[in-house]
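Only one structure is covered here, and it is reproduced in the block below.
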Amino acid sequence: MSATSLKVNDFVVVHSQTLGRKVVGKITELVSEFVDIEFCCFKDPENVKFKIYSLPEHLPGKHILSSPHSITLSGKRMYYHSKFELVQTVDELEEPRQNVTKEVKVLRFIDFVKSYKNPREAFPDLADVPISDANLDDFRVFFFRQRINQGVYIPELKPSCVCNQVFNPDEDFIECPNCPGFMHLRCLRHEADRKCRDCKYEFPARDLYNIKKKENIKSGEDAQAF
Ligand SMILES: [Zn+2]
Ligand SMILES: [Zn+2]
């Protein structure tokens, strides 16, 4: 990509020599080295320093036992990890600028779920593609909702849906208008009283029905969480 277009705070995919794989990072510094030799100065190839935003599977694992649910916070890809999900780290790398392969967007979680209420429709080319180190370049947008520092994940992810599981925005969902909760639509539809797990707001059947009609167009995908 064009070398001059890179700026501090840009998010980029880097083909890291250090890690031997692709990684997403936020640029913290553009490093140029000037070497003065008499009347001339040579500019070495610029490096980029960046903070790693990691796929969940590359992070250290940690189990929290919080009654009544035991939650693995990270360390491997869990059922609640979106394919668009990264974890902010404090780890920094420096790589040659030419290892940057593309710019990407990395949004805060709340901005992502408000922008992409149905990631499968927003990114149809990625709907059935699991994310991996190899295909990071195929993704244009990611989000993060946790950061890790010295093995501690902040914030701790908690169950938020009536299924008592951590919300995964890759599934069709509905936002509670009364509290910060997000429910999986399929879970709420299976509840007799259609109430928010936390604040007990009762979703009008109309709201679920409208989205349900949309879901029916994609019959066959309903049972497959990705
Ligand atoms: Zn649920
Ligand atoms: Zn609520």
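Only the coordinates and a few stated rules stand behind these numbers; no lab work does. Quick caveat, the model's predicted, so the values are computed rather than measured. Cβ placement follows ideal geometry from the backbone for every residue including glycine, while neighbour counts extend to all protein chains displayed.
Here are the numbers for the structure shown:
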{"read-out": "Single unsatisfied condition, residue 105 versus (1) surrounded by fewer than 17 Cβ atoms within 10 Å (Cβ to Cβ); (2) within 23 Å of residue 60 (Cα to Cα); (3) of a type in the set (Lys, Arg)", "value": "(2)"}
{"read-out": "Checklist (1) at negative phi; (2) part of a loop (DSSP other than H, G, I, E, B); (3) not hydrophobic (A, V, I, L, M, F, W, C) applied to residue 125, failing item", "value": "(2)"}
{"read-out": "Residue match in the range 166-178 (condition: assigned to a helix (DSSP H, G or I), more than 13 Å from ligand 2 (Cβ to nearest atom), under 15 Å from the mean Cα position of the chain (by Cα) and crowded, with 17+ Cβ neighbours inside 10 Å)", "value": "no"}
{"read-out": "Subset of the range 140-165 that is in contact with a Leu (Cβ under 7 Å, 6 or more places away or on another chain) and in a loop (DSSP other than H, G, I, E, B) - its residue that is farthest from ligand 1 (Cβ to nearest atom)", "value": "156"}
